[in-house]
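The values are calculated or read from the model by the stated rules, or taken from the named source; none is laboratory data. Not measured: the values here are computed from a predicted model. Counting neighbours? That spans all protein chains shown, and the Cβs are built from the backbone with ideal geometry, glycine included. These area figures cover heavy atoms from the full protein model, side chains too; ligands, DNA and RNA do not enter into them. Shrake-Rupley method; radii C 1.70, N 1.55, O 1.52, S 1.80 Å.
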Amino acid sequence: MAVTNGGLLTGIRVLDLADSRAELAGRLLADLGAEVLKIEPPEGVDSRRRAPFDERPGADRRSLYWSAVGIGKRSAVLDINTAAGRDTVRQLARRADILVESFAPGAMDVWGLSYEALSGLNSKLIYVSVSAYGQQGPKATWPASDLTIESAAGRVGLQGDRDRPPIPVGYGQASFHAGAQAAADAVIALNERELSGRGQHLDVSMTEGMIWTLMNGPGFPSNVGGNPPGSGDDRADAGPARRSGPFLGVSPCADGFVVVTSTSQRQFYTALLSSILPGLREAGQLSDSLAAYDWEAWEASRQAGTLTDEQIAPAAEAVLAFFAMKTKLELMQWAWEADVHLGPVNSTLDLLQNPHFRERGFWQKVGDYTHPGLSVRSSHADLVIGGPAPELGRDQSLIDEWLAIPIELPRTMKVGRAARDRSRFEAPAAERLGEAFAGLKVADFSWVAVGPLTGKALADHGATVVRIESSTRVDFVRTLMPFKDGVPGINRSHYVNNLNTSKLGVALNFAHPEAKALARRLIDWADVVVENYTPGTMKRLGFDYETISQTRPDLIMISTCLLGQTGPWRSFAGYGPHGAGISGLHYLTGWPDRSPVGPNGPYSDVIAPRYSVSALAAAILERRRTGKGQHLDVSQVESAIHFIEPLVLDQTVNGRTAQAAGLDSLYACPNGTYPTAGTERYVALSVETPEQWRALRSIAPLDAYADARFDDMEQRGAVKDEIDAALTAWTRGFEHRDIERLLVEAGVPASVVQRMTDLFEDPQIAERQYFQTLKHGEVGEIPYDGLMTRFSAKKTVLHKASPCVGEDTDYVMREILGLNDDEIVDLVVKGIFV
C-alpha cells in the first residue's frame, strides 16, 4: 500500500507507567505513531527481567520480553517513591494525552497520582488503569498471575486433555490481552474527547478481558442451563478433548500436526475422491482394502446424507495415510488448492520458514534482532515499526522536553475543514453520554468473528452500524451452539448474538443486482466499511477500496482476513482454530509428551480485534483531523503472532524452538492447577516472587524446601515435580473455595478454575456488572458480555441486542436510504430482502 502521511497517532503523547501486566499498551500506541515516554523506577521496570533472554556471548542476558514490548518507546527514570519523582509525574501528566498504569488498585491514590488528582491538572487526560480484577470489588486487591487470571475467567477450565488437569494457553496471555485492549480503548477515548473536549478514567479488568475471549462459552448457563459439554462434573467422563479423526481436531502429518475443523467435512468428502485417493495411488500408498472399497456407493451415501460410521472409517484411513505423506507446508498448499479448512500447527521455527510471511515482508530487523512486523497496514498512514526497546534511562532528556511544552497548548487534534464540511460525521449536541463514535455511520459486511467484533466495538460506543447479511448465505456462526433452550435456529445462537450487539440488521440477497445497488448506497452513506471476506470478494462485488475511494476519498475501509490482503496465500480461507495453528499458539498449548491440544475455541479471532479496533479507532481520529480516508489491512495470524513475540525472538536470537508447556511457566514455579475435593474441581496457584514462595510455605506442607536457596525460582524448578506432588496431596483435602481463600489470604496468587456457571456467581464479576442483560427479538432476555473496560464517561454499556437476520431492513431502507412504500414492496416481491 502506498503511504502519504505520518503515523495515525502522530502528536499524541503517552505517559507509560505500566509494568509487564500492561506493557503491550504502550507498544501498540507507539506502533500507531504516538510518542510513548516510559517512566521506570531506578532498577528498571520488571519487564526488563523477564525471560527469555539473549544468551549469546556478550549480550548480558538482555530480556527478549522487554525487547518485544519496549519497541518504539522512550525510557526515563523517576522514583515515584520520592516527592520529587511524584511531582515530576504530575507535571508530565499535565502535558500528556494518555497515561497508562498497572499498579495495584489504590497505589496511585496513596501517591497522590490518582485520576481525580491528575484530571484536576489536565481535564483532557485519558487515564488508563489496568489491574487483575478491576479497581473496585471484593477481589480487587487479590494477588494474581496470568494463570490465576485465566483460571478466574474460565478459560483454563475449557482446555486440555481431560485425563489430566486443565491447562492455560501455552504462553501467558492475560497481560497481552489487557495491554492490547487498553491501547484500543485509549484510542476510543481519544475519539470521545474530540466530541466532549474532556478526558476520562478507563478501568481495565484483565479477568474480564479473558472472559471476553470465550465468545460462546458464557452463553451456555443462560441458554441451556449448564456448562459446555465436558467442562463441568462430566469432564472426566466426556472422553479426550481432542478428536484425532480426519474431519475434526489435530491430526499427525509427515513433520508434525495439522488442525482441521468441522467446517471442512463437506470439502474433505469432495477432496477424498478428487485428490486424496489419486494422490495415494500415485505414491503407491493406496492399501488393497481402500483400493477395493466401493467408493461409488460411498459417494452415493454421502450425497444422500446416510453415511454410517463404518462407511466413514475407510475415509478416515485414507485421509490419515494422505496426511502422513505430506509436510505441514505441503498440506497447507493442498488445502488452499482443494478449498479445505486446514491449518498447520506451526512452531516458532516454522513461522520463520513460512514463505507467505517472507514474501509479505513481515519479518523486520529492529536493532540486533529480527522481529515480527506490524500486523496492520495502511494505504494512507506511514505505519512503521519503531526503534529497538531502549536501554534504561536512555531518553532522560525527554522529560525536560516535555516539561518545556507550554500548558496552554491545545491537547486535541483539530478537526480538518474537509471533516467539518461533512455534516454526516457530526455528533448531535447533547449531554455528555461518553459515546466515542456518536454520529459515525458504518456499513458492516463482516461475518463469523473478527469482522463482527470490530464493528461491534464501534456500535457499542455509539456508531450507527448496519450489518448486511442474508439467510441465503447464513453466517456460519449462526449455526453454532449454544442455542436458546437447545433449539437450533439462525437467530437463536448465543454465539452470533454475543458478537453483534448494538447493531442494526439488514438482509440483502446479493444474487440480485438490486441488492448490490442497495449495498452500494449504504457504502455511500457510511463513513466506515468493515469487511472480512476472503481477499478478492469485495472486488468481485464492485465494493473494493480502490473502486469506492475514487468517489469517496474520505471513506475508511478495514479489511481483516486470516493472512492479510497481500502475499502468496492471501486467499487461504480458514477460521480462528486455523489461525491459532498457523500463528504458533496451538503448538504451545498441550503437554510435552503428547500432541498439542490447542487453545479452546477460535483463539486468533479474539486477538485480532484488539489490533483492528485500535487501528480503526486511530484512523477515525486521524480523519477527524484531515478529512481523509484510508484502507486498513489487518492480518489475523500476524496479530496473533505478537502474543508470543518473546518466544519468536527466542527462536531468532537463540535458535530455541518453544515447546508445548503443559503447566510450566517461564515466570512462576510452582505454577499449576491442582485437584481439590469434589468432582473435577481445581485450584490454580502461581509463585513468582520469593515473598509469594514464603507465603505458600507458611500454609502448605513444604518443610522439605525450607532452605533459603528455594527462594530462587530456578532452584524450585529443579524439584518442581516433588513440589507439585506435595501440593496435589495437600489441595485434595480442601473444598475449592476454601483453598482459594486460604491461599489468597496468605498472599499467594490463586483462583478456583472457574466454570461457565461459576462466572455468574462470582461476586467480583457481579459487582462490576460485566454481564449485560438485553432483550433479543427471538430469544428474549439473555445476559451478554459487556466491556472489559469501564469508561467513566460512558452512560450505557451496550445499546441493544444483536439483530435477527433482516430485523431492521424496513427501518434502514426508509430512514437511512429514503425508499418509499412502493419501492420497498417491489424489492420484497423480487426477493431482495432475504
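At a glance:
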read-out	value
Mean projection area, nm², convex hull over Cα of the range 132-230	8.3
Percent RCO, i.e. relative contact order, over the chain, from Cα pairs under 8 Å lying at least 6 residues apart	19
Computed FRET value (nearest 0.05) for Q91 with M325, which takes r as the C-beta separation and R₀ as 56 Å	0.25
Cut-off under 5 Å, modelled amide H: who pairs with K800 long-range	S502
Computed label-point distance, nm, for sites D109 and D712 using a 7 Å Cα→Cβ extension	4.0
Solvent exposure ordering (accessible area, 1.4 Å, most first) of K503, K124	K124, K503
Convex hull (Cα only) mean projected area of the range 654-809, reported in nm² to one decimal	15.2
Mean-position separation - Cα centroids, the range 761-829 and the range 159-174, in angstrom	34
Total charge dipole magnitude, the range 284-407, about the Cα centre, Cβ charges on Lys, Arg, Asp, Glu only, Debye to nearest 20	420
Amide H partners (placed H, <5 Å) of E735, local residues excluded	A677
Separation of alpha-carbon centers, the range 496-575 and the range 42-69, rounded to whole Å	42
Square roots of 5 times each gyration tensor eigenvalue, C-alpha, the chain, largest first, Å	39, 37, 26
Rg and Dmax [Cα atoms of the range 1-98; Å; Rg one decimal, Dmax integer]	15.2, 49
Exposure rule at most 11 other beta-carbon atoms within 10 Å, DSSP loop GluC sites (Glu not before Pro): the chain longest free segment	44-407
Percent carbon-and-sulfur accessible area, the range 345-414, ignoring ligands, DNA and RNA, probe 1.4 Å	51
Charge dipole of the chain about the Cα centre (unit charges at C-beta), most positive-ward option of P599, V834, L15	L15
Unit charges on C-beta of K, R, D, E only; dipole of the range 674-770, Debye	120
Sequence-distant residues sharing a close amide H with G373 (under 5 Å, placed H)	W363, Q364
Given charges at beta-carbon only (K, R positive; D, E negative), |dipole| of the chain in Debye	1860
Per residue convex hull volume, Cα atoms of the range 92-181, in Å³	108
Alpha carbon convex hull of the range 424-526, volume per residue in cubic angstrom	100
Solvent exposure of the chain as accessible area per residue, Å², 1.4 Å probe	35
Heavy atoms of F543 accessible to a 1.4 Å probe, total area in Å² rounded to 10	10
Per-selection metrics, the range 638-697 (Cα): Rg and Dmax in Å	15.7, 46
Nitroxide proxy distance, nm - points 7 Å out along Cα→Cβ at Q265 and A236	3.1
Distance histogram in 5 Å bins (all Cα pairs of the range 565-721, percent per bin)	2, 7, 12, 13, 14, 13, 11, 9, 7, 5, 3, 2, 1, 0
Value of Rg to Rh for the range 263-309 (Rh from inverse mean 1/r over Cα pairs, i.e. Kirkwood)	0.99
From the C-alpha gyration tensor of the range 238-362, square roots of 5λ in Å	27, 16, 14
Reachable lysines from K628, criterion Cα separation under 28 angstrom, eight or more residues apart if same chain	K73, K124, K414, K441, K456, K503, K516, K539, K794
Accessible area of the range 144-290 belonging to carbon and sulfur atoms, whole % at 1.4 Å probe	48
When the range 59-125 is reduced to its Cα atoms, the Kirkwood hydrodynamic radius in Å	13.7
Given charges at Cβ of Lys, Arg, Asp, Glu: the chain dipole, positive-most of L562, G629, Y811	G629
L286 accessible area, 1.4 Å probe, all protein chains in place, Å² to nearest 10	30
